[in-house]
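Okay, structure first, notes after.
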Amino acid sequence: MKLEELLERALAGDHLAISRVISRVEYPSKEGAWLLSKLLARAGQAHVIGITGAPGSGKSTLIARLIEKYRGERRKVAVVAVDPSSPFTQGALMGDRIRMQRFATDPGVFIRSFATRGERGGISTAALLTVEVFDGLGYDKILLETVGVGQVDVDIMHAAHTIIVVTAPGAGDEIQALKAGLMEIGDIYVVNKSDRPGATETLKQLEFAIEGGIFKSRTGWKPIALKVSAALGEGIGDLIEIIERHLTYMSEAGLVKRRVEERRIHALKSMILWLVENKIDELLSRPEGSSLVKDVIDGRIPVYTAALKLLKLI
Ligand SMILES: Nc1nc2c(ncn2[C@@H]2O[C@H](COP(=O)(O)OP(=O)(O)OP(=O)(O)O)[C@@H](O)[C@H]2O)c(=O)[nH]1
Ligand SMILES: [Mg+2]
């Protein structure tokens with residue numbers, strides 16, 4: 001199929017064509033670059049919503065609820081899920097597939113999962129470029145799911161206009177961990193599983209952290225905490241209302257476009273990092289590289305000097 005035709009079909013919502021476009025764009029290629037340039041020209045309209053939080057907190061279940069609501073409003077929704085490669089979560093992944101299957105026949109919903117590929121640059125780049133693809137294809141809401149446990153998540157979250165951090169009752173330790181840094185960037189904190197005991201307590205802890213200024217968003221927006229039950233579908237309307245309020249805030253503050261710029265800068269950095277990662281092993285195995293490595297091992301050349309020499313070779 002010609003690239004023009006592939007793009008046309010993808011724009012018309014053909015799921016198979018969309019899958020093909022994504023797999024071309026994910027890895028550097030001439031075709032991918034052409035497709036991306038066309039899509040980038042159309043992108044910048046979507047509302048990107050990052051959803052992060054500990055494994056099992058209910059992110060995917062919540063996303064399924066959000067999709068239902070958005071579809072009820074006739075909005076087109078895409079999901080970019082970054083799955084951890086840990087064997088512990090395989091069961092959850094299976095659960096995800098089953099949960100998401102019911103959207104498979106809806107042309108207004110597209111779900112793309114990425115497995116962590118080992119290299120940090122690869123996964124971030126692929127996820128960020130896929131956001132551009134969905135944006136360019138005219139999806140209204142793009143939901144980005146990551147497990148909040150690493151640099152990859154933080155990188156990816158930069159693509160989001162709105163960041164939702166999901167916790168569950170009894171997550172006291174988790175909230176301590178949140179305070180310690182990684183995910184203090186939430187705009188909205190959701191205590192999911194409110195059907196379980198302890199949800200009010202957890203909500204209070206979050207509100208305390210917000211009032212105390214421990215959780216600060218990246219903008220002047222004061223974070224909001226609420227409890228929901230994704231399983232029972234309770235509180236989802238309130239959550240949607242807060243998400244929209246946050247989008248209005250961002251738009252009035254002129255930050256919607258700024259976030260798009262930021263995600264492109266991040267995609268660029270991720271791409272460079274990834275390309276360099278790929279080059280390093282190749283370079284170290286070449287004669288110039290391996291002799292430099294030997295010099296470093298034997299202490300003849302400082303690491304810093306060797307690193308700069310290697311970068312020049314790249
Ligand atoms: N009781 C209760 N259980 C829930 C709720 N939401 C999700 N669960 C359950 O919690 C488990 C994990 O849900 P997921 O939606 O897969 O959680 P996740 O955060 O996406 O998990 P990972 O993708 O593995 O990080 C599943 O067994 C869900 O059925 C809820 O509101 N109440
Ligand atoms: Mg999940």
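The values are calculated or read from the model by the stated rules, or taken from the named source; none is laboratory data. Predicted model, so just to flag it, every value in this text is computed and none were measured. No Cβ is skipped: glycine too gets one built from the backbone with ideal geometry, and neighbour counts run over all protein chains shown.
Among the numbered conditions (1) exposed (fewer than 15 other Cβ atoms within 10 Å of the Cβ); (2) within 16 Å of ligand 2 (Cβ to nearest atom), tell me where Gly254 comes up short.
(2)
Residue by residue, here is whether (1) touching a residue at least 60 places away in the same chain (Cβ under 8 Å); (2) among the hydrophobic types (A, V, I, L, M, F, W, C); (3) out of contact with any Lys or Arg (no Cβ under 6 Å at 6 or more places or on another chain); (4) under 16 Å from His158 (Cβ atoms) holds:
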{"residue": "Glu201", "(1), (2), (3), (4)": "no, no, yes, no"}
{"residue": "Leu206", "(1), (2), (3), (4)": "no, yes, yes, no"}
{"residue": "Thr219", "(1), (2), (3), (4)": "no, no, yes, yes"}
{"residue": "Glu244", "(1), (2), (3), (4)": "no, no, yes, no"}
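Quick check on my filter: what residues within the stretch 221-255 are aliphatic (A, V, I, L, M), out of contact with any His (no Cβ under 6 Å at 6 or more places or on another chain) and part of a helix (DSSP H, G or I)?
Once the filter is applied, which keeps residues that are aliphatic (A, V, I, L, M), out of contact with any His (no Cβ under 6 Å at 6 or more places or on another chain) and part of a helix (DSSP H, G or I), the stretch 221-255 yields Ile236, Leu239, Ile240, Ile242, Ile243.
Here's the yes/no breakdown for (1) in contact with a helix residue (DSSP H, G or I) (Cβ under 8 Å, 6 or more places away or on another chain); (2) within 30 Å of Glu26 (Cα to Cα); (3) at pLDDT 90 or above; (4) of a type in the set (A, V, I, L, M):
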| site | (1), (2), (3), (4) |
| --- | --- |
| Arg263 | yes, yes, yes, no |
| Ser270 | yes, yes, no, no |
| Leu275 | yes, yes, no, yes |
| Leu283 | yes, yes, no, yes |
| Leu292 | yes, no, yes, yes |
| Asp295 | yes, no, yes, no |
| Asp298 | no, no, yes, no |
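Report, by residue number, each residue of the stretch 211-230 that is at pLDDT 90 or above and crowded, with 17+ Cβ neighbours inside 10 Å.
Scanning the stretch 211-230 gives Trp221, Pro223, Ile224, Ala225, Leu226, Lys227, Val228, Ser229, Ala230.
Does any residue of the stretch 267-286 turn out to be in a helix (DSSP H, G or I), touching a strand residue (DSSP E or B) at 6+ places or on another chain (Cβ under 8 Å) and closer than 24 Å to Ile163 by Cβ?
no
From the list Pro302, Pro287, which one is outside the structural domain of Ile49 (by TED's automatic domain parsing) and out of contact with any helix residue (DSSP H, G or I) (no Cβ under 9 Å at 6 or more places or on another chain)?
Answer to the check: Pro287.
Would you please list the contacts, defined by Cβ atoms under 8 Å and residues six or more apart or on different chains, that run from a residue in the stretch 1-19 that is farther than 15 Å from Gly108 by Cβ to a residue that is acidic (Asp, Glu)?
Pairs that qualify, where the first residue is farther than 15 Å from Gly108 by Cβ and the partner is acidic (Asp, Glu), are Leu3/Glu31.
Scan the stretch 33-50 and give yes if some residue there is of a type in the set (Gly, Ala, Ser) and within 16 Å of ligand 2 (Cβ to nearest atom), otherwise no.
Yes: one or more hits.
What residue, among those in the stretch 39-62 that are at pLDDT below 95, under 16 Å from the mean Cα position of the chain (by Cα) and not small (Gly, Ala, Ser), is surrounded by the fewest Cβ atoms within 10 Å (Cβ to Cβ)?
If we take residues in the stretch 39-62 being at pLDDT below 95, under 16 Å from the mean Cα position of the chain (by Cα) and not small (Gly, Ala, Ser), then Pro55 is surrounded by the fewest Cβ atoms within 10 Å (Cβ to Cβ).
Is the stretch 134-154 home to any residue that is surrounded by 18 or more Cβ atoms within 10 Å (Cβ to Cβ), modelled with pLDDT under 80, within 15 Å of ligand 1 (Cβ to nearest atom) and assigned to a helix (DSSP H, G or I)?
Taking every residue of the stretch 134-154 in turn, at least one turns out to be surrounded by 18 or more Cβ atoms within 10 Å (Cβ to Cβ), modelled with pLDDT under 80, within 15 Å of ligand 1 (Cβ to nearest atom) and assigned to a helix (DSSP H, G or I).
Across the stretch 160-195, what is the number of residues that are at pLDDT 95 or above and either over 26 Å from Ile142 (Cα atoms) or not assigned by TED's automatic domain parsing to the domain that holds Val79 (or both)?
Total meeting the criteria: 1.
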